[in-house]
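Student: Below are the structure tokens for one structure; questions will follow.
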Amino acid sequence: MHTLTHHIKTQPEKSLATWASGFGISRPHLHRLLTGSRNPSLEVAKRIAASTRGAVPITSWPNLRAVVAAAGDEGAAA
């Protein structure tokens, strides 16, 4: 994921293991997110967004962008 990759590259002093631990995931899982071979669950995306203080928002993940948009549409219809 480009946004997450960019955010991590801006802080090279932190290891991938440190990032993964901060997100509450394994280092191999983080690697798969960075390469785009996996997408995060909503819960993991929320933890990443919180840990990066919004620099990597939930909507930066293609698999979650539509979910967030649909939730907003449902709220508007209610």
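Student: For Gly24, which of the numbered conditions (1) touching a Lys or Arg at 6+ places or on another chain (Cβ under 6 Å); (2) among the small types (Gly, Ala, Ser); (3) modelled with pLDDT under 95 fails to hold?
Tutor: (3)
Student: Which condition number does Ala76 fail, the rest of (1) modelled with pLDDT under 95; (2) open to solvent by less than 50 Å² (accessible area, probe 1.4 Å) being met?
Tutor: The failed condition is (2).
Student: Right, another one. Name the residue, out of Ser37, Ser21, that is among the hydroxyl-bearing types (Ser, Thr, Tyr), more than 23 Å from Ala71 (Cα to Cα) and outside any helix (DSSP H, G or I).
Tutor: Going through Ser37, Ser21 in turn, the sole match is Ser37.
The values are calculated or read from the model by the stated rules, or taken from the named source; none is laboratory data. Because the structure is predicted, anything quoted here is derived from the model rather than measured. Every residue, glycine among them, receives a Cβ derived from its backbone with ideal geometry; neighbour counts consider all protein chains shown. The area values use the complete protein model at the heavy-atom level, side chains included, leaving out ligands, DNA and RNA. Shrake-Rupley method; radii C 1.70, N 1.55, O 1.52, S 1.80 Å.
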